[in-house]
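Reading through the structure tokens given below for one structure.
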Amino acid sequence: MVEGIWWLIIILVVTIGLFLLALKKKPLQSNVLQPTKPPKKLVKLSEFIHRQFPEYEVNIRPQHLLLSNQGKKVAMLTMDNNLATGSRKLGEVMVINLHDIPNKVQLKELLSDVSG
């Protein structure tokens, strides 16, 4: 039969072993979102809109562009190849998914649809 003192020693050895094992492993990264850079295509699209359509304010986010006209949000442009190309309404804002940077004519057509 194992006496009480031996149980205490066994528990103490196991606890110390687990503690040392925990110290040896790398800590897990937290689930806090790290700021990310937007994709190069979004940066190029943002610069293109700034040059060609100065009446629109462009706010670049990690995954999309927000277009505003006279302080009112009018569109959100995304470039995700996993989603189908097209547009849909999200409240007052038109969400447009693109696969590639459109040319000036295509972008003018998209923005005229957004503006009304």
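Taken together, the values in this text are just the output of simple stated rules run on the coordinates, not laboratory data. Since we're looking at a predicted model, the values are computed, not measured. Note: ideal-geometry Cβ built from the backbone for every residue, glycine included; neighbour counts use all protein chains shown.
Below 13 angstrom from the Cβ of H99, what's the summed charge of the other residues (Lys, Arg +1; Asp, Glu -1)? Charge balance in the 13 Å sphere: -1. For Rg/Rh (Cα atoms, Kirkwood Rh), the value calculated from this model appears in (1) 1.50; (2) 0.96; (3) 1.02 under label (1).
Counted as membrane-span-like here are DSSP H helices of the chain whose alpha-carbon atoms extend 24 Å or more along the helix's own axis and whose Kyte-Doolittle mean is 1.6 or above; these are 4-24. Here each label is just a point 7 Å from Cα along the line to Cβ, and for A84 and L8 those points are 7.2 nm apart. The magnitude of the dipole of region 45-116, with charges of +1 and -1 set on the Cβ of Lys/Arg and Asp/Glu and taken from the Cα centre, is near 100 debye.
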